[in-house]
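Written out below as structure tokens is the structure these notes cover.
The values are calculated or read from the model by the stated rules, or taken from the named source; none is laboratory data. Bear in mind the structure is a predicted one, so any value in this text is a computation, not a measurement. Heads up, the Cβs are rebuilt from the backbone with ideal geometry, glycines too, and the neighbour counts pull from every protein chain shown. For accessibility, only protein heavy atoms count, side chains too; no ligands or nucleic acids. Shrake-Rupley method; radii C 1.70, N 1.55, O 1.52, S 1.80 Å.
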Amino acid sequence: LWGPRVAGANAVFAAVPAGSNEQQIFRATYTPGAPGMPPALSNAAVLAPPSSTSVVEWAPTIAADNSFLVLVVGFPLPRNLALSVSTGGGAFGAATPIAALNTATDETDPYLVGRPAKALYFGRESATGAMEIHRSAVTGGASPQFAAPIRASLACPMANCGTPVVPTNEGLLHFGTWAAGGFDPTVREAVLSVGGGAVSTSGIVDHPELGAHYPSWISDDGCEVLLGGGGISQVADVAYARRAPK
């Protein structure tokens, strides 16, 4: 399982259906928990399209108004980012590659920010093989256009930094970091600053209380997170955490 990302009452994630060996895109109902209780996901069903039986898909993210999805396609590597636009009635069209964002290296783990969407954060493999975080400005509403991405200036604590999640005000960046040789992430947080053609970070904070997870969603106030597990994740690896406002 990979994800989930949340937009209102909708959650999207990638998982391998029972009896299958190919990861596909699911949509589920997201229900916030009562005070002190975790949220719930229910009514999960494969979203096809953009899922297909001939391509591996994962790491979906959905616009706040449900007008489009961005997801990852491609296996084996490199992975690429693709767009699926709403066709009405809760349905989506086939995924098409986003030429403005894809390169010959690996692009993955997209995360849409804003109401309406104003930015897409994602991970991209560098020339040296390290995962780095990038931001692409998004315009065009339900017919999104993606600007040339800008690499975030980030003092990565380990060899790789990716799986970015960012609240609507773009004031914080939560991300996963992991050593070379395998995906065994832990969670970090940094102050995020976007402006003047640059994306910068400062004040990195470790979150050892979140364990061996990566962030998959963050609430608008930055106080709630959903987390996925490292390696080959199972449903039981999804976790929820909440903190008091800073």
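Data overview
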read-out	value
Subset of the stretch 230-246 [touching a residue at least 60 places away in the same chain (Cβ under 8 Å) and in a strand (DSSP E or B)]	TYR240
Hits in the stretch 226-246 (condition: touching a Leu at 6+ places or on another chain (Cβ under 8 Å), over 17 Å from PRO164 (Cα atoms) and hydrophobic (A, V, I, L, M, F, W, C))	VAL235
Residue selected from the stretch 127-139 under the condition in a loop (DSSP other than H, G, I, E, B) and open to solvent by 50 Å² or more (accessible area, probe 1.4 Å), by the criterion farthest from ALA99 (Cα to Cα)	THR128
Any hit, the stretch 85-97, residues being within 16 Å of the chain's Cα centre (by Cα) and either assigned to a strand (DSSP E or B) or modelled with pLDDT of 95 or more (or both)	no
Subset tally (residues that are at pLDDT 95 or above and surrounded by fewer than 13 Cβ atoms within 10 Å (Cβ to Cβ)) for the stretch 141-152	2
Test result for PRO97, closer than 22 Å to GLN145 by Cβ and crowded, with 16+ Cβ neighbours inside 10 Å	no
Entirely in the stretch 170-209, the strands (runs of 3 or more DSSP E) that have 1 or more residues that are open to solvent by 50 Å² or more (accessible area, probe 1.4 Å) and either of a type in the set (Ser, Thr, Tyr) or at pLDDT 95 or above (or both)	186-195, 198-206
Residues of the stretch 18-50 classified as in a loop (DSSP other than H, G, I, E, B), open to solvent by less than 40 Å² (accessible area, probe 1.4 Å), touching a Phe, Trp or Tyr at 6+ places or on another chain (Cβ under 8 Å) and more than 23 Å from THR168 (Cα to Cα), total	3
Which listed residue is surrounded by fewer than 17 Cβ atoms within 10 Å (Cβ to Cβ), among the acidic types (Asp, Glu) and in contact (Cβ under 8 Å) with a residue 12 or more places away in the chain, from ASP65, ASP109	ASP65
Leading residue by the ranking (least open to solvent (accessible area, probe 1.4 Å)) among those in the stretch 71-89 that are β-branched (Val, Ile, Thr) and in contact (Cβ under 8 Å) with a residue 12 or more places away in the chain	VAL72
